[in-house]
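Enquirer: If you scroll down you'll find the structure; I have some questions about it.
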Amino acid sequence: MIIFLQATVEGLSLAAIYSLVAIGFVLIYKAMEVLSFAQPALAVVGAGIISSLAVDRGIPFWLALFLGVILTGILGLLIERTFLRPMVGEPVFSVAVLTIGIDILLRTVLDSWIGINPKYMGDPFPTFGNFGAVNIGGVNIKYLELAALITAIILIIILSIFFRKSKYGIAMRATSYDQEAAMAQGINVGRIFGLVWMIAGILAAFAGFFITGGFNTLSQFSFISALRALPAVVIGGLDSIPGAVVGSVIIGLTQGYVAYYQLTFESFVGFSFGNGFSVVAPYIIMFVILIFKPDGLFGTEEVERV
Amino acid sequence: MRGRPNLYTDYQKESSIFSNNTQKSWFGILVTLSVAFCFLASDYWILLLTTSFLIAIAGWGLNIVSGLAGQINLAHGVFIGVGAYASAVIGGVATSSVIGFELDMIFWLPLAGVAAAIVGLIIAPITVKLKGLNLALVTLALVFIGSHLFSNFKSVTGGAGLGRKVATLKLFGVNLERGIEIGTLYLQKNQILYLVCLLTCIFAGLGVKNLVRSKAGRAYSAIRDGDIAAEALGINIFRHKASAFALSSFYGGISGALFFTVSGGVEPGTFSLLYSITFVAIVVIGGAGTVLGPLFGALFYTLFPALIQFFLHIFEIGESSLPLNLGQLERLLFGLFIILFLIFEPRGLWGIWFRLRNYFKAWPFSY
């Protein structure tokens, strides 16, 4: 039972991280119908900025986190303005490949900065902070996991209020509903695109910090963790924010349970799934779900006309 | 009509593989030059061109499914891997850790393609149901599942970080590992490989050209341009999407088998996401949906590092004075080229070539 709870907690904290990246994906997809493969790169770049500010420059952690998040948001905005803007109206495939190009660009620069030695993030509370953990009834919960969970919940609440109440949030919803009609209503659609990328960048930076915080460290392979938000998005449906969250929970829990129960299950079945199966399991789940529901669990079915 | 080769009087002539004498003679010249190249150039250039031939074959494969049939495939590297391992098992030497049957090249080369095509067909029921971005994401999942399998099937692949030796070079019972003598002509191993790859590349290229003008090729383009409309016209979507995938995988498998025979060993870590994406980039840079595009893209990709070094040399920039090392610089510029081509020349290198050709064709007129 304790193992089950432990796996659940770890799975949920992973889910929180994935949901941050996944919401970024969905926001961009809803606004521009673009699938941004650059999102994982933005996450690790955000982590890199935070690490370089907090550890290398010695800026107090909270300020470094704030600056890192804002700078990543601005980076997202810049990417939209420079690379994505000329591609409005091009086929989705071209734009998707373009974001892969951006991903290569960002990660190459980051990799050369990281080098061989993994980078540590700063520590918000030097006395216990990132590396500590609390023990509740035998279940070991890292502060970092707890922080990820709380941050994700707070950010999702802020976002949902933003979409319901604020002027720009409503403008965004209008844009995702119908770009031309939104334009006719006087909404600056170009600005909305930029704003969407900025929000996606901010969310990615938070996710990047939680992926690489504590003992995890930022290495050249950190982006693969952020990339796992993709199956989450697909499971939930590309154009559904609640779907992204549900998909993330499914993916996170799968990863958590597989990590803890793989050995038991393997001895039960009689053959091995191999090392690192917990990392692949989300993709297999995505495969299975897509066979039955090609638009994901919550995605709107595409109606096509000839 | 004999004196007017550019005047087509029937459809069959216009759609033939070489529709006019200019193309025929250029093809002849290029083939002769490429064969001659093998006896004149240094080992470095021979290796470079061998690699680009193989990348072109893989590029053509991806081009069939992505450029022609419009199905995004981010997992081409996996099919290349399947081909590489199939050839390694069929043609490789067995050791204590890996299996191998040491068969002839006439067995392992086609079978590598067939094995990859079978894998393509196995996943076809899933890929055919999906389209657009969802398909892209499923193929992305394939990359991860594929590389997981590659690193865990130790008896076939040797395991992650270790890898295995690939197929031995044996054709019609003659061992070519140490080169052969035909009369007074002595061919080294790399020259033999070059010629084999050149021949395969020519066949693969002609195959694509032939496919484009065939019924299946037209069906692929119809599916790309509008799959519902294509279905309404009586095109069997399932059969054509699946066959496009299988054909593309076949090309990938052949290319993979030869590619790793050239490099000598294969390690599961090679088949990462970036490896698969490289081929997407090559097709995009070369020109998606065109016959010559992937060849241009492959040449560009392999000559690119040499080009960078050339420029560094000209401007007398030392490698140590750069903020990035050479590999990273290549990757950075490669990413940049993907972006720039997509924004400014979506038809890729082929588009540039097309405009140049038309300019000189109509010279001195501008149209």
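Coordinate-derived values only; no laboratory data. In this text, all values refer to a predicted model and were calculated from it rather than measured experimentally. As a convention, Cβ positions derive from the backbone with ideal geometry for all residues, glycine included, and neighbour counts pool all protein chains shown.
Enquirer: Hey, got the dipole for the stretch B:44-272? About the Cα centre, +1 on K and R Cβ, -1 on D and E Cβ, debye to the nearest 20?
Expert: Values: 15 positive and 8 negative charges, 71 e Å.
It works out to roughly 340 debye.
Enquirer: Just tell me which aspartates and glutamates come within less than 12 Å, Cα to Cα, of A:LYS119; anything on the same chain fewer than 8 places away is out.
Expert: Answer for A:LYS119, where 12 Å is the Cα cut-off: A:ASP56, A:ASP111, listed by chain and number.
Enquirer: Related question: Looking at chain B as a GNM with Cα springs under 10 Å, which of B:LEU103, B:LEU199, B:LEU312 has the largest mean-square fluctuation?
Expert: Largest GNM mean-square fluctuation: B:LEU312.
Enquirer: Projected onto the charge dipole of the stretch A:69-191 (+1 at Lys/Arg Cβ, -1 at Asp/Glu Cβ, origin at the Cα centre), which of A:LEU155, A:ILE170, A:VAL92 gives the Cα projection farthest towards the positive end?
Expert: Value computed over the given set: A:ILE170.
Enquirer: Grab the beta carbon distance between B:ALA229 and B:ILE29, set R0 = 45 Å, and tell me the FRET efficiency rounded to 0.05. Don't skip to the end; give the middle numbers.
Expert: Numbers: r = 41 Å, r/R0 = 0.92.
Between B:ALA229 and B:ILE29 the formula returns 0.60.
Enquirer: Moving on. What shape does the stretch A:175-306 have by the C-alpha gyration tensor, where a ≥ b ≥ c are the square roots of the eigenvalues, rounded means a/c under 1.5, and otherwise prolate means a/b greater than b/c and oblate the rest?
Expert: Values: a/c = 3.65, a/b = 1.62, b/c = 2.26.
Taking the square roots of the gyration eigenvalues as a ≥ b ≥ c, the stretch A:175-306 is oblate.
Enquirer: I'd like to verify something in chain B: which complete DSSP H helices, judged by Cα projection on the helix axis, reach 27 Å or more and average at least 1.6 on the Kyte-Doolittle scale?
Expert: Numbers: long enough: B:21-40 (28 Å, 1.09); B:43-62 (28 Å, 1.47); B:105-129 (36 Å, 2.03); B:132-152 (31 Å, 1.50); B:189-212 (34 Å, 1.37); B:237-263 (38 Å, 0.86); B:293-314 (29 Å, 1.50).
What comes out of the filter, once short or polar helices are dropped, is B:105-129.
Enquirer: Which value results when the Cα radius of gyration for chain B is divided by 2.2 N^0.38 Å?
Expert: Details: Rg = 21.3 Å, N = 367, 2.2 N^0.38 = 20.7 Å.
Here the Cα radius of gyration is 1.03 times the empirical estimate.
Enquirer: From the helices alone, meaning DSSP H stretches of at least four residues, give me the mean residue ellipticity at 222 nm for the protein assembly as shown, per-run term -39500 (n - 2.57), in deg cm²/dmol to the nearest 500.
Expert: On the way: 27 runs with 457 residues, N = 673.
Taken over the protein assembly as shown, the calculation gives -22500 deg cm²/dmol.
Enquirer: Which entries in B:LYS13/B:LYS215; B:LYS129/B:LYS215; B:LYS215/B:LYS361; B:LYS24/B:LYS215 show an alpha-carbon gap greater than 19 Å?
Expert: Numbers: B:LYS13/B:LYS215 16 Å; B:LYS129/B:LYS215 22 Å; B:LYS215/B:LYS361 30 Å; B:LYS24/B:LYS215 23 Å.
Pairs exceeding 19 Å: B:LYS129/B:LYS215; B:LYS215/B:LYS361; B:LYS24/B:LYS215.
Enquirer: So what's chain A giving for Cα Rg divided by 2.2 N^0.38 Å, two decimals? Spell out each step's value before the answer.
Expert: Working: Rg = 19.5 Å, N = 306, 2.2 N^0.38 = 19.4 Å.
Relative to the rule-of-thumb radius for its length, chain A sits at 1.01.
Enquirer: Next up: Under 26 Å from the Cα of B:LYS154, which lysines turn up, not counting those fewer than eight places away in the same chain?
Expert: Reachable lysines: B:LYS165, B:LYS170.
Enquirer: Under 22 Å Cα to Cα from A:LYS30, which lysines show up? Leave out anything in the same chain fewer than 8 places away.
Expert: Partners within reach: A:LYS165, A:LYS167, A:LYS293, B:LYS131.
Enquirer: Bin width 5 Å, alpha-carbon pairs only: give the P(r) of the stretch A:134-221 as whole percents, running from 0 to the bin holding the largest distance.
Expert: With 5 Å bins starting at 0, P(r) equals 3, 12, 16, 17, 13, 11, 9, 8, 5, 3, 1, 0.
Enquirer: Among B:SER147, B:CYS197, B:SER96, which residue has its Cα positioned farthest towards the positive end of the charge dipole of the stretch B:83-202, with +1 placed on the Cβ of Lys and Arg, -1 on the Cβ of Asp and Glu, and the dipole taken about the Cα centre?
Expert: B:SER147
Enquirer: Compute log10 of I(q)/I(0) for the protein assembly as shown with the Debye formula, placing one identical point scatterer on every Cα and leaving out solvent, at q = 0.06, 0.09, 0.12 Å⁻¹, to two decimals.
Expert: Values, matching the q order: -0.37, -0.83, -1.41.
Enquirer: For the stretch B:134-278, what does the alpha-carbon gyration tensor say about shape, rounded, prolate or oblate, given a ≥ b ≥ c as the root eigenvalues, a/c under 1.5 as rounded, and a/b over b/c as prolate?
Expert: Numbers: a/c = 3.35, a/b = 1.42, b/c = 2.36.
Here the stretch B:134-278 falls in the oblate category.
Enquirer: If you build a Gaussian network model of chain B, linking Cα atoms that sit under 10 Å apart, which residue out of B:LEU292, B:LEU349, B:LEU332 swings the most?
Expert: B:LEU332
Enquirer: Picking from A:LEU65, A:LEU98, A:LEU253, which is most flexible by a Gaussian network model of chain A using Cα springs under 10 Å?
Expert: The residue that fluctuates most here is A:LEU98.
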